[in-house]
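Every number in this text was worked out from the coordinates using simple rules, so none of it is lab data. In this text the structure is predicted, and so the values were computed from the model without any measurement. Every residue, glycine as well, gets a Cβ built from its backbone with ideal geometry; the counts of neighbours run over all protein chains shown.
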Amino acid sequence: MSLYLRQIGAVLRLEMRKTFLSRRGWWVYLLAFGPVFLTGMHWLIESARHGGRHSIGEDTLVFAGIFHFYYLRLGIFFGCVGVFSNLFRGEVLEKTLHYYYLTPLRREVLVAGKYLAGLLSATVLWVGSTAISFMLIGRHFGAAYNDYVFHGPGLGQLGSYCLVAALACAGYGAVFLMSGLFFRNPMIPAAVVMVWENINPFLPAFLKKISVIFYLKNLCPVEIPIPPPFNVMVIDADPAPFWVAVPGLLAVTLILLAYAALSARSTEIGYSE
Amino acid sequence: MSDNLITFANVSRFYGEVLGINNVSLSIPPGVTSLVGPNGSGKTTLMNLMTGLIRPTEGEIRVLGIAPNDPGRLCRAVGYCAQFDAFPKGLSGYQFVYSFLLMHGFEPAECGRRTLAALEMVGMMEARNRPVAAYSKGMRQRARLAQAIAHDPQVLVLDEPLNGLDPLARAEAIALFQQWGKAGKHVIVSSHILHEVDRISDQVILLSQGYVVAEGQIQSVRGEVKDQPMQILVRCSRPNQLAARLFIENHVVEAKLHTNGKEILLRTRDADGFYLLLNRIVLDSGIEVESVSPADDDVNSVYQYLIGGEGAAI
Ligand SMILES: Nc1ncnc2c1ncn2[C@@H]1O[C@H](COP(=O)(O)OP(=O)(O)OP(=O)(O)O)[C@@H](O)[C@H]1O
Ligand SMILES: [Mg+2]
């Protein structure tokens with residue numbers, strides 16, 4: 001057991017060094033920086049105007065929208081495509097995967113180590129971005145916002161958003177680590193998963209559960225009203241409560257990882273087209 | 001089943017429709033073994049098979065008694081310096097060797113010690129802290145060699161390890177291979193050209209188009225080669241006269257005149273001798289020779305290619 005831990009540590013160490021240095025992933029940083037930039041501008045502009053035209057409540061609703069439609073469905077989604085699908089595929093393109101395959105690492109351990117490395121960088125990036133944007137969006141209210149965060153519901157909401165962001169990294173990470181083992185072009189599985197996640201509300205209850213969004217959307221602390229043409233079409237199967245959503249998502253993640261580990265065992269290294 | 005051998009039992013490997021190697025049976029004892037064959041003959045395929053990177057379509061492989069699909073055991077016994085000249089990004093030579101040693105489960109201090117020993121052995125101590133990206137081709141080759149030997153494997157598989165090395169580094173590398181071979185390790189080296197490696201090899205395996213065409217100690221392989229008749233096609237002005245002269249000299253085994261009266265197909269056991277004789281005949285008789293070319297693309301011409309002109313010199 002301690003050998004496996006040491007090996008996972010060794011993989012983690014090498015992967016972290018590579019991930020943070022990789023220029024291939026520059027656009028992931030851009031994706032994460034986007035909302036920080038927007039909320040930062042919002043703060044600066046509103047502070048300059050001095051005029052409070054909206055309330056803290058409205059800002060938190062706007063943040064809920066940003067989080068749901070940008071972070072969950074675009075930013076973290078494509079961020080995970082960028083980070084996780086390169087874990088194996090990137091090494092096949094660079095012809096370096098054989099170095100790992102020539103060490104006495106069990107393939108399961110390799111998958112675990114690489115996944116943890118991806119998870120660590122993705123989580124730092126996206127939880128960080130979420131927290132900073134959340135703190136910036138109401139910053140221009142000054143003391144009132146501090147009060148909202150530290151003595152009101154703010155901290156609880158922030159905690160939920162961070163948890164959801166981290167879980168999204170975990171779930172999408174597993175999806176795209178696995179797809180990176182099978183597809184040369186990461187955008188093909190990305191498009192398929194994207195469509196799947198977006199038709200999720202219209203799917204029958206059983207299929208709904210094979211999804212990342214399904215578990216996470218109900219964990220978001222502030223509900224966004226669904227606009228009219230869609231609200232009737234949504235078959236709102238029992239929204240998963242917290243104690244189902246978190247284990248449910250983790251279970252989906254583990255199943256995907258187990259499958260990835262299994263296919264990593266039978267992967268051959270030829271680096272051919 | 002011996003634990004001291006690398007064995008292939010009727011191993012075939014296909015890449016879809018493409019033949020990698022076909023029905024290879026081998027038993028490789030310790031010492032330096034050279035895999036020799038032209039491009040695409042299956043050298044890398046054979047090496048990838050014995051290191052577990054790919055699996056055989058048919059047949060069974062054992063490396064010192066270990067099945068190649070058991071990386072936990074195999075990769076402690078085997079070090080493979082593959083043909084891919086690629087490295088993980090952003091590492092120095094030292095970090096490169098060290099990082100993969102960690103995955104063997106050694107303590108960090110032990111990894112450091114082994115890394116330095118391996119770099120020392122290939123003469124890369126000075127450049128060890130420079131980024132691999134700034135290395136020359138020969139330095140990268142040596143860094144990869146160091147990585148392959150750092151865990152002190154019993155079996156070393158080296159795919160064209162002399163590529164990109166200057167004569168001095170080449171001599172040093174060859175000395176290392178011999179030293180490891182003498183120490184009882186399996187050292188398996190591939191090359192395009194036999195005389196590049198024949199001096200140091202305890203045995204050679206000649207490959208052509210996925211088949212093992214000869215195998216054994218270098219002298220016996222050479223003997224086999226000498227005995228293979230070779231076909232030569234000559235276009236000349238008076239082919240029947242040429243044939244007559246050749247038979248008088250008792251040199252060719254067989255001669256076939258082409259119906260066009262311009263060409264003659266000859267079989268000889270001694271190509272070098274034949275060329276010398278042909279020159280003499282041409283000078284003596286004034287036969288005008290248009291072209292002389294080896295006529296078979298089978299095993300014989302592969303031998304000629306591999307062994308080169310001075311094949312008989314040993
Ligand atoms: N990944 C692959 N996909 C398809 N065919 C392959 C693959 N790898 C090798 N082959 C084919 O298998 C045959 C043997 O190739 P191999 O690479 O083993 O030759 P080699 O002796 O190492 O050649 P070289 O001297 O060029 O390195 C060739 O015909 C090659 O085209
Ligand atoms: Mg090769």
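Between 0 and 90 degrees, rounded to the nearest ten: what's the tilt of helix A:242-266 against the longest Cα principal axis of chain A?
So the helix axis and the longest Cα principal axis differ by about 20 degrees.
Only loop residues by DSSP count here, and only those with at most 10 other Cβ atoms within 10 Å; note down the GluC sites (Glu not before Pro) in the range B:1-76 that meet that. Before the final figure, lay out the partial values.
Values: sites: B:17, B:58, B:60; in loops: B:17.
Those satisfying the criteria are B:17.
State to the nearest 20 debye the size of the charge dipole of the protein assembly as shown about its Cα centre, where the only charges are +1 on K and R beta carbons and -1 on D and E beta carbons.
On the way: 49 positive and 47 negative charges, 246 e Å.
So the magnitude is around 1180 debye.
How would you rank B:57, A:253, going from fewest to most other Cβ atoms within 10 Å of each one's own Cβ? Mind dumping the intermediate values first?
Values: B:57 14, A:253 21.
Least to most surrounded, the residues fall as B:57, A:253.
What's the center-to-center distance, using Cα atoms, between the range B:61-84 and the range B:117-156 in Å?
Taking the Cα centre of the range B:117-156 as reference, the centre of the range B:61-84 is 20 Å away.
Out of the DSSP beta bridges found with both residues in the protein assembly as shown, what percent are antiparallel (nearest 5)? Numbers along the way, then the final one.
On the way: 34 of 52 bridges.
If I count the DSSP bridges inside the protein assembly as shown, around 65 percent turn out antiparallel.
Output the 0 to 90 degree angle, nearest 10, between the alpha-carbon long axis of helix A:2-21 and the longest principal axis computed from the alpha carbons of chain A.
With both axes taken from Cα atoms, the answer is about 60 degrees.
Which cross-chain or sequence-distant (5 or more) residues have an amide H under 5 Å from the amide H of residue B:5, H modelled 1.01 Å from N in plane?
Amide H to amide H, under 5 Å and 5 or more residues apart or across chains, residue B:5 pairs with B:64, B:65.
Can you spot the aspartates and glutamates whose alpha carbon is less than 14 Å from residue B:137's alpha carbon? Ignore those fewer than 8 places along the same chain.
B:85, B:160, B:166
Taking all pairs of distinct Cα atoms, average 1/r, flip it, and tell me the Kirkwood hydrodynamic radius of the range B:1-141 in Å to one decimal place.
Over the range B:1-141, the inverse of the mean reciprocal pair distance is 17.1 Å.
Listed here are the pairs A:114/A:209; B:89/B:185; A:209/B:89; A:18/B:185; which of them are more than 29 Å apart at the Cα?
Working: A:114/A:209 26 Å; B:89/B:185 32 Å; A:209/B:89 39 Å; A:18/B:185 34 Å.
Those over the limit are B:89/B:185; A:209/B:89; A:18/B:185.
Most fluctuating residue of A:75, A:138, A:156 in a GNM of chain A with Cα springs under 10 Å: which is it?
Top of the fluctuation ranking is A:156.
Near the amide H of residue B:207, under 5 Å away, which other amide H atoms are found, from residues 5 or more places off or on another chain, if H is placed in the peptide plane?
B:36, B:37, B:213
When you look at the Cβ of every residue in A:93-99, what mean number of other chain Cβ atoms sits within 10 Å? Let's see the in-between values first.
Working: counts 1, 5, 6, 5, 4, 7, 13.
The mean count of partner-chain Cβ atoms within 10 Å per residue comes to 6.
Counting only other chains, what is the mean number of Cβ atoms within 10 angstrom of the Cβ of each residue in peptide B:50-62?
Numbers: counts 0, 4, 4, 9, 4, 2, 0, 0, 0, 0, 0, 0, 0.
For peptide B:50-62, the averaged partner shielding equals 2.
In terms of the Cα gyration tensor, with a ≥ b ≥ c the square roots of its eigenvalues, is chain A rounded because a/c is under 1.5, prolate because a/b exceeds b/c, or oblate?
Numbers: a/c = 2.17, a/b = 1.61, b/c = 1.34.
Prolate is the answer for chain A, as a/c is 1.5 or above and a/b outweighs b/c.
Out of every Cα-Cα pair in the range A:125-173, what percent are more than 13 Å apart? Each step should come with its number before you reach the end.
On the way: 670 of 1176 pairs.
That fraction is 57 percent.
List the relative contact order of the range B:80-205 as a percent without decimals, with contacts defined as Cα pairs under 8 Å and 6+ residues apart. Mind dumping the intermediate values first?
Numbers: 140 pairs, mean separation 34.5, N = 126.
After rounding, I find 27 percent.
By average Cβ neighbour count within 10 Å, what is the ranking of A:139-151, A:210-222 from highest down? Write out the running numbers ahead of the final one.
Details: A:139-151: 14.7, A:210-222: 20.2.
The peptides rank, most packed first, as A:210-222, A:139-151.
Report, in degrees rounded to the nearest 10, the 0 to 90 angle that the Cα long axis of helix A:107-137 makes with the longest principal axis of chain A.
That works out to roughly 10 degrees.
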